[in-house]
Amino acid sequence: MATEPADVLIVGAGATGGVVALRLAQAGFRVVCLEQGDWHDRSEYRGAELDWELTMRKQWATSPNVRALPEDYPIDESDTEVSPLMYSAVGGSMLIFAGAWPRMLPSDFRVRSLDGIADDWPLAYDELLPYYERSDRQFGVSGMGGDPAYPPGGEDPPLPPLPIGAGGLKVARAHARLGWHWWPEPNSILSVPYDGRHPCVQRGTCQQGCGEGAKASTDLTHWPKAIASGARLVTGARVRRLETKAAGLVTGATWLDRDGHEHFEPAKVVVLAANAIGTPRLLLLSASPAHPDGLANASGLVGRRLMMHPFANVGGLFDEDLESWQGQFGCSIESFEFYETDERRGFVRGAKWGLAPTFGPINAALPSRAGTRVWGPDHHLHVRSHLGRGANWGLFGEDLPDESNHITLSPTLTDSSGIPAPEVHYKVAENSRRLLDFHIERASESLREAGAHTVEVDRLMRYSGWHLLGTARMGDDPSTSVLDRWNRAHDVPNLYVVDGSCFVTSAGVNPTSSICAIALRAADHMVESRFNQQVPA
Amino acid sequence: MTAQSTPSATPSDPLPTLDPDRRATFTAIAAYLIPAAHGMPSAGDVIGDARLRFVLAVRPDLVEPLRAALRHELGTDPAARLARLEREEPDHHAALLLVVVGGYYTDADVRERLAYPGQEARPVVVWKVPPYVEEGLIDQVLARGPIWRDPATGRRAEPT
């Protein structure tokens with residue numbers, strides 16, 4: 001047990017925990033991180049094994065409620081239309097994310113100014129650009145510069161683009177005929193050897209752990225370097241609550257080890273990096289007489305404004321064998337053709353499209369996304385028409401913030417340590433439904449132009465809550481935000497939140513690239529302001 | 001290493017948990033769902049002890065719901081059994097379907113007939129010009145100009 005307080009205690013060793021730990025440890029901070037999960041060895045991943053489509057539905061499912069591992073915490077989903085997805089481990093949910101790595105666009109930071117709805121961010125695209133570029137180099141991003149969906153200038157992705165596959169090429173040609181935007185998707189997946197890691201082998205099983213180590217996750221990209229720089233990472237450490245002093249400063253965290261023994265880790269500064277479900281859960285668990293509504297919650301917004309990107313899958317079936325079970329599951333190509341607001345469509349904001357592989361024969365028979373099941377003699381025709389012959393547009397619609405979409409603590413459900421589990425209260429907004437309807441029609445048009453003889457739609461996938469955002473938003477006004485523009489809690493000067501909780505609006509893109517860039521910016525600020533940082537006496 | 005990823009570490013053979021009656025019922029349902037047709041074999045023939053053992057070893061959580069789905073009192077008609085399970089016991093129904101499909105599509109002969117080699121390692125080639133560049137598809141996107149919305153004007157950005 002530690003006696004000297006850490007300079008910085010980080011809760012969560014996932015994407016942003018790793019980013020912040022590396023920056024601070026290399027700057028000489030004494031960093032301690034508590035992670036409820038464990039390290040995973042790449043040999044554990046099942047992508048190259050015969051059982052991958054069986055284990056992806058249980059042991060390597062993206063839902064903690066389906067996996068139900070001791071290190072997972074359960075989530076009460078009885079009042080949500082979308083299930084939150086995550087993974088507890090060193091590297092966090094990056095172990096099971098797809099690896100798609102698009103950036104937010106300039107308009108995403110100015111939604112109130114441009115569209116008269118939601119809020120503006122306290123920072124702008126240009127301010128974040130240098131952090132995107134540094135983050136891209138740290139994680140190893142493959143892609144092609146010059147995408148006209150983004151402002152010109154800045155660095156190209158550090159590595160060449162990954163292949164777009166036969167399906168991607170068909171759709172790219174279709175978009176050329178339609179005059180629609182497409183571009184090779186940037187992915188945090190290596191196209192060439194980089195930083196001691198192997199390149200992608202196109203196995204298409206990115207979401208069940210990358211056996212090659214080609215897909216970025218901080219257990220590979222950040223934590224080994226952070227530990228070599230002096231950071232201490234404690235696994236199997238489940239934080240029960242943050243402790244505070246009368247002066248309003250946080251003093252550290254009380255946590256439980258795997259055997260249920262309680263510990264206290266003192267710290268001068270605490271950084272929460274536990275995702276937009278876990279972080280508000282912990283802030284609410286840290287209620288005290290001085291903070292009866294939870295820590296850092298004077299605004300009442302802790303746990304509120306949850307955004308999860310309503311997601312639709314539009315799959316096209318082709319006559320040709322495209323071997324579409326192969327390829328990076330990040331995405332092969334993307335389209336921002338209908339991303340920006342056009343009020344004539346009957347909704348505001350838009351969606352980014354990403355074209356993805358289509359799994360193997362078990363998924364062809366029992367689709368986990370769009371599609372049907374066919375039994376009897378025609379089962380064989382059904383599987384042959386699906387296996388390897390599909391191209392899937394995944395549509396991530398911008399989810400507007402709504403305070404009624406929120407996290408609370410369950411009065412009955414607990415994790416394996418007896419700590420109250422989160423309840424998710426989430427409804428899909430009418431704007432999101434209209435947005436998805438429009439984009440589904442356009443994506444269907446894209447696939448038909450590419451030659452698809454059949455288009456199958458999964459309109460609002462329940463297991464699509466990959467992107468957890470907004471439950472401790474940043475802003476300049478303490479009455480309407482939890483964090484300041486540097487990710488520091490307005491109410492608690494030595495508490496930072498660096499995960500997706502800080503998002504003001506959700507944008508319509510996969511957010512990990514932006515989450516990591518913002519976390520890196522926050523870490524830079526911690527280094528630059530270290531001598532002015534208030535700490536407990 | 002954690003227990004979740006070590007299916008071979010399952011301590012006991014799950015097959016004896018299926019009595020002969022359940023085993024026969026499973027074969028009948030497998031053949032009903034995936035019969036021999038269109039050059040493909042029947043799942044009733046394909047899913048022998050080895051395949052069934054494989055599925056239940058990697059997914060031991062399916063053993064109990066499978067046993068429930070195969071219980072005697074649900075009758076001998078596969079269609080009626082499946083309809084009732086789907087209606088009244090969806091978790092047991094889902095487990096039964098997954099065991100059938102999992103056993104069938106992990107069979108080497110079935111995969112060969114489908115020309116599905118499994119998820120292969122195929123090295124990425126980056127030293128060739130991609131076909132989409134050679135075909136001028138990127139040039140066409142660039143020629144259409146920027147599509148991002150400039151916050152300063154609220155309109156699509158002008159080409160620079």
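Just so it is clear, none of the values below were taken in a lab; they were calculated from the coordinates. Quantities reported herein were computed from a predicted structural model and do not represent experimental measurements. We place every Cβ from the backbone using ideal geometry, glycine too, and count neighbours over all the protein chains shown.
Taking the DSSP beta bridges with both ends in chain A, the antiparallel portion is around 70 percent.
What percent does the relative contact order of region B:3-113 come to when contacts are Cα pairs within less than 8 Å and at least six residues apart?
Numbers: 111 pairs, mean separation 33.5, N = 111.
RCO, region B:3-113: 30 percent.
By other beta-carbon atoms within 10 Å, ranking A:E212, A:E403 with the fewest at the front produces A:E403, A:E212. Taking a point 7 Å out from the Cα of B:A83 in the direction of its Cβ, the residues of region A:368-412 whose backbone N falls within less than 18 Å of it are A:374-377. Dipole of chain B (Lys/Arg Cβ +1, Asp/Glu Cβ -1, origin at the Cα centre): which of B:V63, B:V126, B:H38 lies farthest to the positive side? Projecting each Cα onto the dipole axis, the largest value belongs to B:V126. Counting every pair of alpha carbons in the protein assembly as shown, the share spaced more than 40 Å apart comes to 30 percent. Relative to the longest principal axis of the Cα atoms of chain B, helix B:20-33 runs at roughly 40 degrees. Based on DSSP H segments of at least four residues, each scored -39500 (n - 2.57), chain A has a per-residue ellipticity at 222 nm of -6500 deg cm²/dmol. Here's the picture: charge each Lys and Arg Cβ at +1 and each Asp and Glu Cβ at -1 in the protein assembly as shown, and of A:T3, B:A50, A:H406 the one pushed furthest to the positive end of that dipole is A:T3. Mean per-residue shielding of peptide A:275-287 is 0, counting Cβ atoms of other chains within 10 Å of each Cβ.
Beyond 30 Å in Cα-Cα separation lie the following of the pairs A:K225/A:K245; A:K225/A:K268; A:K225/A:K427; A:K58/A:K427; A:K268/A:K352; A:K215/B:K128: A:K225/A:K245; A:K225/A:K427; A:K268/A:K352. Only the Cβ atoms of Lys and Arg (+1) and of Asp and Glu (-1) were treated as charged; on that basis the dipole of region A:16-74 about its Cα centre amounts to roughly 260 debye. Within 10 Å of the Cβ of each residue in A:393-404, the mean number of Cβ atoms contributed by other protein chains is 0.
Contact order, relative form, for region A:404-537: 14 percent (alpha carbon pairs under 8 Å, 6 or more residues apart, mean separation divided by residue count). Counts of other chain beta carbons within 10 angstrom of each beta carbon in peptide B:138-146 average 5.
Taking the Cα centre of the protein assembly as shown as origin and assigning +1 to Lys and Arg Cβ atoms and -1 to Asp and Glu Cβ atoms, the resulting dipole is close to 260 debye.
Please go through region A:53-117 and write out the GluC sites (Glu not before Pro) that DSSP classes as loop and that have at most 10 other C-beta atoms within 10 Å. Don't skip to the end; give the middle numbers.
Working: sites: A:E53, A:E71, A:E77, A:E81; in loops: A:E71, A:E81.
Passing sites in region A:53-117 do not exist.
Report the convex hull volume per residue for region B:3-113, counting only C-alpha atoms, in Å³.
Spread over its residues, the Cα hull of region B:3-113 gives 98 Å³ apiece.
Could you please report the charge total around A:A237, scoring K, R as +1 and D, E as -1 over all other residues with beta-carbon less than 12 angstrom from its beta-carbon?
On the way: positive: A:R232, A:R238, A:R240, A:R258; negative: A:E35, A:D38, A:E71, A:D257, A:D259, A:E262, A:E265.
Here the charged neighbours net out to -3.
Relative to the dominant Cα principal axis of chain A, helix A:125-139 is inclined by about 80°. Under the rule of -39500 (n - 2.57) per DSSP H run of 4 or more residues, summed and divided by the residues of chain B, what mean residue ellipticity at 222 nm is obtained, to the nearest 500 deg cm²/dmol? Helix contribution divided over all residues of chain B: -14000 deg cm²/dmol. The C-alpha radius of gyration of region A:87-216, expressed as a fraction of 2.2 N^0.38 Å, stands at 1.18. Electrostatic tally near B:L85: other residues with Cβ closer than 13 Å to its Cβ, Lys and Arg +1, Asp and Glu -1, net -1.
The Cα center of region A:1-70 and the Cα center of region A:314-334 differ in position by 30 Å. In a simple Cβ point-charge model (Lys, Arg +1; Asp, Glu -1; nothing else charged), region A:103-192 has a dipole of about 480 debye relative to its Cα centre.
Tally Lys/Arg at +1 and Asp/Glu at -1 over every other residue whose Cβ is under 12 Å from the Cβ of A:W60; what's the total? Provide the component values of the computation, followed by the final result.
Values: positive: A:R46, A:R57, A:K58, A:R67, B:R59; negative: A:E44, A:E49, A:D51, A:E53.
So the environment of A:W60 carries a net charge of +1.
Based on the Cα atoms of region A:201-259, what semi-axes does the equivalent ellipsoid have, where each is the square root of 5 times one gyration tensor eigenvalue, given in whole Å with the largest first?
Working: eigenvalues 233, 44, 26 Å².
Value: 34, 15, 12 Å, ordered largest first.
Treat the count of other C-beta atoms within 10 Å as a stand-in for reagent exposure and order B:R23, B:R81 from fewest to most.
Values: B:R23 14, B:R81 21.
Taking fewest neighbouring Cβ atoms as first place, the list is B:R23, B:R81.
In degrees from 0 to 90, rounded to the nearest 10, what is the angle of the helix A:512-528 Cα long axis to the longest principal axis of chain A? Tilt relative to chain A: about 30 degrees.
Kindly put A:R42, A:R344 in sequence by how many other C-beta atoms sit within 10 Å of each C-beta, fewest to most. Display every interim value, and only then the final one.
Values: A:R42 14, A:R344 5.
Ranked by crowding around the Cβ, least crowded first: A:R344, A:R42.
Couplings for region A:78-90, taken from phi via the Karplus curve 6.51 cos²θ - 1.76 cosθ + 1.60 with θ = phi - 60°, read 6, 10, 9, 8, 10, 8, x, 10, 5, 8, 9, 5, 5 Hz in order; Gly and Pro are left as x. Across the options A:S286, A:A231, A:G390, the greatest Cα extent toward the positive end of the charge dipole of the protein assembly as shown (unit charges at beta carbon of Lys, Arg, Asp, Glu) belongs to A:A231. Here the label points at B:L15 and A:V535, each 7 Å from Cα along the C-beta direction, are separated by 6.4 nm in the simple model.
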